[in-house]
Amino acid sequence: AEAATVLCVYATVYAAFFITTKIEAGKSILIHAGSGGIGLSAIRVALAYGLEVFTTVSTEEKKNYLLSEFPQLKAENIGNSRDLSFEDLVMKRTNGKGVDFVLNSLAEEKLLASIRCLAVKGTFLEIGKFDIVNDNKLGMGEFLRELTFHVVLLDSMFTASYETRMVGIL
């Protein structure tokens, strides 16, 4: 049962980073819930591919865990997922530019703050379902910055046609 979770989290990261979009060395990414399964996997892959990683956690203990697990992470790039302070952190650390990618699992006002963390022409990768299922609204003005918004739902990979699943792989 534990081994099966590894496949799910890395498959989600693979779908987000390599099928939905193409991450690139030298770019930056905000990964929410960095100490969770998908967060840990995403941080590992993003660092291996040469991205500057920003992440959020809910406690100081989780922040310390990430710093011990990933010595190349910068402590000043780890924000709080329980409030909106991560937005100021990202914008300050990027000199107001924002990040190139956001891997998002936060909802409501935190989702909106995460979108504001994107740089011009940034890519938003939504892996949560709360705002989608609840039909929460997103201001279209955000797209004046030429943003790309993708929903990454791993479960749809299992129900989609073969052709749909192969998009981006071949």
> How about the range 1-17: which of its residues are open to solvent by 40 Å² or more (accessible area, probe 1.4 Å) and in contact with a helix residue (DSSP H, G or I) (Cβ under 9 Å, 6 or more places away or on another chain)?
Replying inline: THR5, VAL6, CYS8, TYR10, TYR14
>> If VAL45 meets every condition in (1) open to solvent by less than 40 Å² (accessible area, probe 1.4 Å); (2) within 16 Å of ILE127 (Cα to Cα); (3) out of contact with any Gly (no Cβ under 9 Å at 6 or more places or on another chain); (4) assigned to a helix (DSSP H, G or I) apart from one, which number is that one?
In response: (2)
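In the list GLU126, GLU108, which residue meets the criterion of being open to solvent by less than 20 Å² (accessible area, probe 1.4 Å) and modelled with pLDDT of 95 or more? First the steps, then the outcome.
On the way: GLU108 fails: open to solvent by less than 20 Å² (accessible area, probe 1.4 Å).
The match here is GLU126.
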> Would you pick out the residues in the range 7-42 that are assigned to a loop (DSSP other than H, G, I, E, B), in contact (Cβ under 8 Å) with a residue 40 or more places away in the chain and in contact with a strand residue (DSSP E or B) (Cβ under 6 Å, 6 or more places away or on another chain)?
Replying inline: THR21, LYS27, HIS32, GLY34
>> Against the conditions (1) more than 24 Å from VAL133 (Cβ to Cβ); (2) β-branched (Val, Ile, Thr); (3) in contact with a His (Cβ under 7 Å, 6 or more places away or on another chain), where does THR94 fall short? Just the number, please.
In response: (3)
> Got a sec? Which of VAL57, VAL133, VAL53, VAL90 is of a type outside the set (S, T, N, Q) and at pLDDT below 95?
Replying inline: VAL133
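For LEU73, are the conditions met, namely being open to solvent by less than 40 Å² (accessible area, probe 1.4 Å), in contact with a strand residue (DSSP E or B) (Cβ under 7 Å, 6 or more places away or on another chain) and not in a helix (DSSP H, G or I)?
Values: open to solvent by less than 40 Å² (accessible area, probe 1.4 Å): yes; in contact with a strand residue (DSSP E or B) (Cβ under 7 Å, 6 or more places away or on another chain): yes; not in a helix (DSSP H, G or I): yes.
Yes, satisfied.
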>> Regarding the range 95-102, can at least one residue be identified that is out of contact with any helix residue (DSSP H, G or I) (no Cβ under 6 Å at 6 or more places or on another chain), at positive phi and surrounded by 16 or more Cβ atoms within 10 Å (Cβ to Cβ)?
In response: yes
>> I'm checking my understanding of the structure. Among residues of the range 49-70 that are farther than 18 Å from GLY37 by Cβ and assigned to a helix (DSSP H, G or I), which one is most open to solvent (accessible area, probe 1.4 Å)?
In response: GLU60
> Does at least one position in the range 130-138 carry a residue that is buried (at least 16 other Cβ atoms within 10 Å of the Cβ), charged (D, E, K, R) and touching a residue at least 12 places away in the same chain (Cβ under 8 Å)?
Replying inline: yes
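The values are calculated or read from the model by the stated rules, or taken from the named source; none is laboratory data. Given the structure is predicted, the values throughout are model-derived calculations rather than measurements. Ideal geometry is used to build each Cβ from the backbone, glycine not excepted, and the neighbour counts take in all protein chains shown. Accessible surface is based on the protein model in full, side chains and every heavy atom, while ligands, DNA and RNA are left aside. Shrake-Rupley method; radii C 1.70, N 1.55, O 1.52, S 1.80 Å.
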